[in-house]
Amino acid sequence: MLFPYIYVPHKMEKMQSFVDFIFYAVWCQAPSKGAYCLELFASNPDLFEVMLAFHYDDSKGAQFFAGHVERIYGLFAQLNPCQIEQLRLWYRANNDIERVCANDATVPTKRYVDFPAEFKELCDQLASFFKGLYSQVGVAVLKKFIGDVDDHYKTFTSINKSGKCPFCGVNDLLGEYNSKREAYDHYLPKALYPFNSINFKNLAPACHHCNSSYKTSKDIAHPVKDPAGTQVRRRAFYPYSNVPYQIKISFNLDASNLASLEPKHVSLQFGPAVLQEQIDTWRDVYGIDERYKAKVCGENDGKYWLEQVLGEWREMSRDPQELLSEIRRSASRRPYGECNFLKAPFLSACDASGAFS
């Protein structure tokens, strides 16, 4: 990830607070609360109003939400205190996105595939609920309290103004002057992880290619296998880090093929070393090497950048080193304007390969 987003508070966060209440104050209390009833929500007036409205609503959205809450309550009622505490730990862990990204050993993340056999029926119901929950936020009775995603996106882009996807730096993001919006990526995929599908610290706008072509449902935290074939956790960039990322990119080129450059003639290096594990995760999940190589080999990108320098050098008698200095200054000021963060290191590699000698 080239740069983090600024997290923007919004009333849609109330949806997660509803789920928190349902989990801790309703489901986890099921063994001692008796039969399921609406009074279980009475201490949370807004959620009580939602559940009351759903009780008398036969729409699919109401049935989905209220039906799952009741069925899962019944399954929690059968659990013993140790099992309840284990679920509490998993819930807290899966919603601590920053520490999951840091691969904090004290955060016991849990995927559906990791649930023990004793929780199979409960796991199935949790999966059905949390995988479908994000699509229910537009239900009218919920919108009264949480607003809608379009408004969240408008607020989000009024603060995050870069206009570029931070996961690739190449593609534009629809912003404050567009009537449409980008999709929100579930950073920890909702198909794999319970409990956080409407946690906005796990939701980050991404360009179509990052979200749908490359990342899809890849697991950012668990995909690595050790020599024994066991999946082990790894670090990943946190999309809402308070600390900016300073990613350094350099190219090495096969000097004999500059005129007909192809990806096989290009190699990439990334730094700094202190972020190497996060960088490796990012490269793997978002297909960064393939995409950046394609960019610098493209007729209207890398080859055009090279032609610009060569053209000004030959036709306008401008010093290539002066041109490169200008491009580096532009990359320092506006790294994502005209793809300068790739343009500058690529042309530097061209220079090292003798293109401007």
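The numbered conditions (1) touching a strand residue (DSSP E or B) at 6+ places or on another chain (Cβ under 8 Å); (2) under 17 Å from His10 (Cβ atoms) are all true for Leu173 except (2). Within the stretch 215-240, the set of residues being more than 12 Å from the chain's Cα centre (by Cα) and touching a residue at least 12 places away in the same chain (Cβ under 8 Å) comprises His222, Pro223, Arg233, Arg234, Arg235.
Among Asn178, Asn196, which is the only one that is out of contact with any Lys or Arg (no Cβ under 6 Å at 6 or more places or on another chain), assigned to a loop (DSSP other than H, G, I, E, B) and either free of Cβ contacts under 8 Å to residues at least 60 places away in the same chain or surrounded by fewer than 23 Cβ atoms within 10 Å (Cβ to Cβ) (or both)?
Numbers: Asn196 fails: either free of Cβ contacts under 8 Å to residues at least 60 places away in the same chain or surrounded by fewer than 23 Cβ atoms within 10 Å (Cβ to Cβ) (or both).
Being out of contact with any Lys or Arg (no Cβ under 6 Å at 6 or more places or on another chain), assigned to a loop (DSSP other than H, G, I, E, B) and either free of Cβ contacts under 8 Å to residues at least 60 places away in the same chain or surrounded by fewer than 23 Cβ atoms within 10 Å (Cβ to Cβ) (or both) holds for just one of Asn178, Asn196, which is Asn178.
Looking across the stretch 272-323, the residues that are small (Gly, Ala, Ser), surrounded by fewer than 19 Cβ atoms within 10 Å (Cβ to Cβ) and in a helix (DSSP H, G or I) come down to Ala273, Ala294, Gly311.
Being assigned by TED's automatic domain parsing to the domain that holds Gly61 and in contact with a Ser or Thr (Cβ under 8 Å, 6 or more places away or on another chain) narrows it down to one residue among Ala191, Ala221; which is it?
On the way: Ala221 fails: assigned by TED's automatic domain parsing to the domain that holds Gly61.
Sole residue among the options that is assigned by TED's automatic domain parsing to the domain that holds Gly61 and in contact with a Ser or Thr (Cβ under 8 Å, 6 or more places away or on another chain): Ala191.
Among all residues of the stretch 134-149, there is none that is among the acidic types (Asp, Glu), in the same structural domain as Val19 (by TED's automatic domain parsing) and part of a helix (DSSP H, G or I). Of the residues making up the stretch 15-27, those that are touching a helix residue (DSSP H, G or I) at 6+ places or on another chain (Cβ under 8 Å) and buried (at least 17 other Cβ atoms within 10 Å of the Cβ) number 8. The selection criterion, being part of a helix (DSSP H, G or I), closer than 30 Å to Phe237 by Cα, free of Cβ contacts under 8 Å to residues at least 24 places away in the same chain and basic (Lys, Arg), does not hold for Lys343.
Yes or no, residue by residue, for (1) under 25 Å from Asp172 (Cβ atoms); (2) in contact with a strand residue (DSSP E or B) (Cβ under 9 Å, 6 or more places away or on another chain):
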site	(1), (2)
Trp282	yes, yes
Val285	yes, no
Lys293	yes, yes
Glu315	no, no
Tyr336	yes, yes
Lys343	yes, no
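The values are calculated or read from the model by the stated rules, or taken from the named source; none is laboratory data. Because the structure is predicted, anything quoted here is derived from the model rather than measured. Positions of Cβ are generated from backbone atoms using ideal geometry, with glycine treated the same way; all protein chains shown enter the neighbour counts.
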